[in-house]
Amino acid sequence: MAALLEVENLKTYFKVDHGLVKAVDGVSYYINEREIVGLVGESGCGKSVSQLSVMQLIPTPPGRIEAGKIHFEGRDLLQYEAKGPEMRSIRGAKISMVFQEPMTSLNPVLTIGRQLTESLELHLGMEPIKARERAAELLSLVAIPDGANRLDDYPHQFSGGMRQRVMIAMALSCNPRIIIADEPTTALDVTTQAQLLELMKDMVSRFNASLVIVTHNLGVVARYAQRLYVMYAGRIVESGTSKELFGNPRHPYTIALLKCVPRLDEEEGTKLVPIVGMPPNLVNMPGTCAFRPRCPYQVERCHNDPWPELRLIDGQHYVSCYVET
Ligand SMILES: Nc1ncnc2c1ncn2[C@@H]1O[C@H](COP(=O)(O)OP(=O)(O)OP(=O)(O)O)[C@@H](O)[C@H]1O
Ligand SMILES: [Mg+2]
């Protein structure tokens, strides 16, 4: 069965004063229908840029999608102009995104109701009265109490968690095939985080959609995603089912990531180990494995050979590392 979305060898670079930032450098991944996939990695590794590339929301200049294919519903999205009618009919409608910071993605001078009805009218051609009814329904679906009476409120009249619920309602409004949730919960307390992830999981199953959860917290996605992609310095370094990655992490970076998240199945008193060193500067990368300077398993060839390609180890489990960890 063909995947719902398949990204092939995506490269997105930014030209800045001090050089070329290879934010996404040859990333391939896929999402099946009704699947929940996690994209995990430290700050700055290219998670958001990879997802914004799919939506063609990269600021150009300084950014540019240099190469790749994005297969969706039998078409390559990169054949379309970012501002053209095809992308406009896909973005927000067939593929929608929940952004990290709701205050910057909600319009502060428009009521929540208007922000919800706008896309219903635009993409689904609903009459204003119908759209308003649907907007109220959507707010109830995401468990905003008394949704119908909150339509005329402005974003600042909602709490942070509620604003995220509104964003989820917006992302769902046009019955998308895929929702990309880019760190949707980082600014919230853990209880609210868990509630929102549960809500998203529920909603995508109800709407028969697929979900990409972007996060730096491997612990968060493990409960929700069927498959995971671990990203480092613009590349995928390990991928597989959540079970494969948790049960048998093989890339030294994944191993390190797992050591720095609390796990319920571990004995009390087990120490969390932070990853030593810093992620690399993505300008003028050396061409060898970018994790090598931080890697406790490194061997001779890691210094000389090019960054290893992903290789299949077992099942659906791929890793890009020369060392047998
Ligand atoms: N508009 C831009 N101009 C220049 N460089 C950019 C731009 N947007 C992103 N980058 C660079 O691309 C790289 C990847 O950034 P990205 O936002 O994808 O990281 P991320 O993995 O989403 O991190 P975080 O977890 O902090 O959200 C970073 O080095 C960043 O500085
Ligand atoms: Mg990001």
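Every number in this text was worked out from the coordinates using simple rules, so none of it is lab data. Just so we're clear, the structure is a prediction, and the values are computed from it rather than from any experiment. Neighbour counts run over all protein chains shown; Cβ positions are idealised from the backbone, glycine included.
Observations on the structure shown:
- Annotation: lysines with alpha-carbon distance below 22 angstrom to residue 259 (same-chain offsets under eight excluded): 47, 243, 271.
- Across the stretch 88-94, computed HN-Hα scalar couplings (Karplus, 6.51 cos²θ - 1.76 cosθ + 1.60, θ = phi - 60°) run 5, 7, 9, 5, x, 10, 8 Hz from first to last residue, x flagging Gly and Pro.
- Take the Cα of residue 190, step 7 Å toward its Cβ, do the same at residue 137, and the gap between the two points is 3.8 nm.
- Which of 242, 205, 210 has the fewest Cβ neighbours within 10 Å, and the rest in rising order: 205, 242, 210
- Of the residues 188, 138, 218, the one that moves most in a GNM of the chain with alpha-carbon contacts below 10 Å is 188.
- Simple Cβ-charge dipole of the chain, Lys/Arg +1 and Asp/Glu -1, about Cα centre, in debye nearest 20: 340
- The chain: antiparallel DSSP beta bridges as a percent of all, rounded to 5: 65
- Extension gain, residue 110 back to residue 288 (0.36 nm per residue minus Cα-Cα distance, nm): 59.2 nm
- Considering helices alone, the calculated mean residue ellipticity of the chain at 222 nm is -9000 deg cm²/dmol, with DSSP H runs of length four and up weighted by -39500 (n - 2.57) and normalised per residue.
- Folded to 0 to 90 degrees: helix 190-206 orientation relative to the chain principal axis, Cα: 70
- Cα→Cβ-extended label distance, 7 Å offset, between residue 121 and residue 208, nm: 2.9
- Against the main long axis of the alpha-carbon atoms of the chain, helix 128-141 sits at an angle near 50°.
- Axis of helix 112-124 versus longest Cα principal axis of the chain: the two differ by about 80°, to the nearest ten degrees.
- Summed side-chain charge close to residue 184 - residues other than residue 184 whose Cβ falls under 11 Å, Lys, Arg +1, Asp, Glu -1: -1
- Estimated from the Cβ-Cβ distance and a Förster radius of 25 angstrom, the FRET efficiency linking residue 174 and residue 60 is about 0.45.
- Computed over neighbours whose Cβ is under 11 Å from that of residue 127, the net charge equals +1, Lys and Arg +1, Asp and Glu -1.
- Computed over the chain with a Gaussian network model linking Cα atoms closer than 10 Å, the most mobile of 217, 175, 248 is 248.
- Using a Gaussian network model of the chain in which every pair of alpha carbons under 10 angstrom is joined by a spring, one finds that among 292, 250, 235 the greatest mean-square fluctuation is at 292.
- Excluding exposed DSSP-loop GluC sites (Glu not before Pro) (at most 12 other C-beta within 10 Å), longest clean stretch of the chain: 82-265
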